[in-house]
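Data first, discussion second: the structure below is written as structure tokens.
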Protein chains: 2
Amino acid sequence: MIRVGIYGYGNLGRGVESAIRQNNDMELVAVFTRRSPESVKIRTQGVAVCHADDIESYKDKIDVLILCGGSATDLPVQTPEMAKHFNVIDSFDTHARIPEHFANVNASAKESGKIAIISVGWDPGMFSLMRAYGIAILPEGKDYTFWGKGVSQGHSDAIRRVDGVLDGKQYTIPVDSALDAVRSGANPDLTVREKHIRECFVVAKEGADKARIEKEIKEMKNYFADYDTTVHFISKEELDRDHSGIPHGGFVIRSGKTGLNGEHNHIIEYSLKLDSNPEFTSSVLVAYARAAHRLNSEGQSGCKTVLDIAPSYLTQASKEELYKTLL
Amino acid sequence: MIRVGIYGYGNLGRGVESAIRQNNDMELVAVFTRRSPESVKIRTQGVAVCHADDIESYKDKIDVLILCGGSATDLPVQTPEMAKHFNVIDSFDTHARIPEHFANVNASAKESGKIAIISVGWDPGMFSLMRAYGIAILPEGKDYTFWGKGVSQGHSDAIRRVDGVLDGKQYTIPVDSALDAVRSGANPDLTVREKHIRECFVVAKEGADKARIEKEIKEMKNYFADYDTTVHFISKEELDRDHSGIPHGGFVIRSGKTGLNGEHNHIIEYSLKLDSNPEFTSSVLVAYARAAHRLNSEGQSGCKTVLDIAPSYLTQASKEELYKTLL
């Protein structure tokens with residue numbers, strides 16, 4: 001049994017908790033929180049909820065620690081710190097800061113002799129893998145990533161910061177005609193506006209000026225100004241009833257040519273349609289937790305990414321079983 | 001530069017030849033053939049065409065040898081034999097015999113200290129990878145592989161063996177309603193007949209009994225009897241004009257559930273739409289040739305499959321570049 005700890009118990013931590021139950025070679029040992037442990041009710045009976053300050057006492061009781069904090073302020077500190085004592089997995093997703101995060105985590109993990117796998121999930125994560133396979137196989141080509149249809153947490157937060165807004169949710173939606181153009185092999189150059197539209201569902205405070213709210217959202221720099229954005233005003237009841245889920249997904253498409261004169265087109269398409277973004281991300285984290293344990297058991301250490309790990313490390317089945325059943 | 005040799009110069013060998021030209025860290029050193037070398041015209045200037053009997057003299061001139069023979073009789077002999085002297089890649093695709101082939105090749109490559117990567121291509125190959133990732137991430141789920149639309153060489157050969165048939169081509173086509181059912185998350189149990197249809201284009205010899213030919217095709221055991229098959233009689237000119245390509249493709253779909261009570265559905269879909277089946281397979285072979293060279297340069301030896309190789313080994317870019325650009 002691989003003994004797993006969860007650090008941070010939000011949507012992602014809860015997702016990891018339920019994903020562990022789907023993998024019978026794993027057991028959840030403890031959940032660590034910075035809140036008061038008594039205030040945190042988890043959903044697995046008989047598992048300890050501990051304060052994060054006490055985590056070092058679990059050094060010999062946990063094979064892999066899955067870090068479920070945020071990328072803005074939690075993980076840049078927690079992952080290098082925890083890699084001093086544990087094999088760790090995180091979902092660090094601030095793309096531009098990955099090299100810096102990698103270096104910090106690698107230094108810790110090299111020193112402790114542990115394995116750390118960073119930026120695990122679907123983007124970064126499975127989508128990164130697909131971009132890598134695509135480039136390797138079709139070097140004369142182009143890749144395209146589309147996101148959605150799904151809820152963007154950052155854009156939903158931005159809506160909620162607009163004066164007069166009580167609540168709101170934003171969906172990122174790929175533009176069908178752009179997807180079709182890419183699938184045709186035409187290798188189009190697409191602007192930000194041509195690739196995605198943004199659809200907002202907004203609950204206005206009583207008496208708020210809806211026209212002004214709509215204008216402010218649509219003109220918001222870095223979030224909405226570069227997109228075709230639609231704003232729907234709905235009631236709080238409608239928002240809670242129809243928009244409480246956290247679906248997401250997207251597409252990675254590699255379009256390339258082969259042949260002496262580039263006469264043959266090929267399209268590789270990978271897509272995800274996810275009812276729950278955090279639960280899918282958690283499921284990826286748990287698969288890579290297995291890999292971290294195995295790599296470290298083999299004597300490896302340091303920081304890795306999904307690009308550095310062979311697929312056979314992720315599955316419960318032995319290599320022999322995989323050769324027989326999946327190849 | 002990675003120095004590559006090609007063993008066998010059919011459709012696959014020609015595909016490897018053109019794929020090497022798309023990768024500027026590789027050079028083609030020689031093509032080996034069992035035919036008379038003078039009779040083989042290759043398309044790369046200045047590259048030697050040698051008889052297969054002379055291959056051992058190239059031991060120190062080639063970093064990776066790509067075996068482009070067939071799975072029925074060539075590769076079971078050639079891959080273990082060549083792994084005694086070279087890092088090798090093959091596209092062995094007789095699924096049921098992969099464990100046996102692996103064992104033979106592994107014994108050779110372990111002894112010589114070389115790397116062999118077998119069963120490289122898209123199925124087995126990329127589709128195997130996708131099945132592995134899918135099972136690892138969504139253990140409570142089901143996977144589905146559909147092939148096509150594309151030309152099946154084996155079924156086309158079977159048509160041509162029917163008495164009275166001059167020429168013919170068979171397309172394997174996935175059934176749209178089956179694909180849609182899988183994508184809905186319903187996890188249907190599908191029969192062979194429900195998943196694929198077979199469409200045949202047949203040129204009959206003059207005076208042949210077309211009704212009898214059609215009946216013989218449709219009732220042919222192991223090939224057509226279990227499928228809904230359509231037979232179109234066309235002229236040799238039409239066949240050559242409209243059906244001379246070798247397109248193929250397909251879909252691997254993993255459908256699974258997460259959540260404490262399996263309340264969330266997720267669909268992972270990978271699809272290929274290929275203008276040229278052999279050229280795409282060749283492109284995958286060449287990417288794994290790079291991996292074989294790197295793995296062996298690191299001191300590794302023995303037989304591997306696509307499941308055992310981290311994606312970062314496949315790309316020209318360094319790990320640092322990959323982290324910066326693909327994660």
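Here are a few things to note about the model shown:
One line per residue, one yes/no per condition, for (1) open to solvent by 50 Å² or more (accessible area, probe 1.4 Å); (2) on the phi > 0 side of the Ramachandran plot; (3) of a type in the set (A, V, I, L, M, F, W, C):
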{"site": "B:Asp176", "(1), (2), (3)": "yes, no, no"}
{"site": "B:Leu179", "(1), (2), (3)": "no, no, yes"}
{"site": "B:Ala186", "(1), (2), (3)": "yes, no, yes"}
{"site": "B:Phe201", "(1), (2), (3)": "no, no, yes"}
{"site": "B:Ala204", "(1), (2), (3)": "no, no, yes"}
{"site": "B:Asp209", "(1), (2), (3)": "yes, no, no"}
{"site": "B:Ala225", "(1), (2), (3)": "no, no, yes"}
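- Residue in segment B:13-28 that is without any contact (Cβ under 8 Å) to a residue 12 or more places away in the chain and under 16 Å from the mean Cα position of the chain (by Cα) present: no
- Just one residue in the set A:Thr281, A:Thr315 is under 21 Å from B:Leu138 (Cβ atoms), in a loop (DSSP other than H, G, I, E, B) and out of contact with any Asp or Glu (no Cβ under 7 Å at 6 or more places or on another chain); that residue is A:Thr315.
- Restricting segment B:278-301 to residues that are touching a Gly at 6+ places or on another chain (Cβ under 6 Å) and open to solvent by less than 10 Å² (accessible area, probe 1.4 Å), the residue that is nearest to the other protein chains (Cβ to nearest Cβ) is B:Val284.
For (1) free of Cβ contacts under 8 Å to residues at least 40 places away in the same chain; (2) more than 22 Å from the chain's Cα centre (by Cα), each residue gets a yes or a no:
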site	(1), (2)
B:Lys41	yes, yes
B:Glu56	yes, yes
B:Lys59	yes, yes
B:Leu65	no, no
B:Ser71	yes, no
B:Met82	no, no
B:Phe92	yes, no
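- Within segment B:302-312, being under 26 Å from B:Ser71 (Cβ atoms) and either part of a helix (DSSP H, G or I) or open to solvent by 30 Å² or more (accessible area, probe 1.4 Å) (or both) holds for B:Lys304, B:Val306, B:Leu307, B:Asp308, B:Pro311.
- Highlighted here are the strands (runs of 3 or more DSSP E) found entirely within segment B:1-88 that include at least 1 residues which are of a type in the set (Lys, Arg): B:2-7.
- Residues of segment B:228-259 that are of a type outside the set (A, V, I, L, M, F, W, C), at negative phi and surrounded by 17 or more Cβ atoms within 10 Å (Cβ to Cβ): B:Thr229, B:His243, B:Pro247, B:His248, B:Arg254, B:Ser255, B:Gly256, B:Lys257, B:Thr258.
- For segment A:302-316, the criterion of a residue being out of contact with any strand residue (DSSP E or B) (no Cβ under 9 Å at 6 or more places or on another chain), modelled with pLDDT of 95 or more and more than 8 Å from every other protein chain (Cβ to nearest Cβ) is satisfied by at least one position.
The values are calculated or read from the model by the stated rules, or taken from the named source; none is laboratory data. What you see is a predicted model, and the numbers here were worked out from it, not measured in a lab. Backbone-built Cβ (ideal geometry, glycine too); neighbour counts: all protein chains shown. Only protein heavy atoms, including side chains, enter the accessible area calculation; ligands, DNA and RNA are left aside. Shrake-Rupley method; radii C 1.70, N 1.55, O 1.52, S 1.80 Å.
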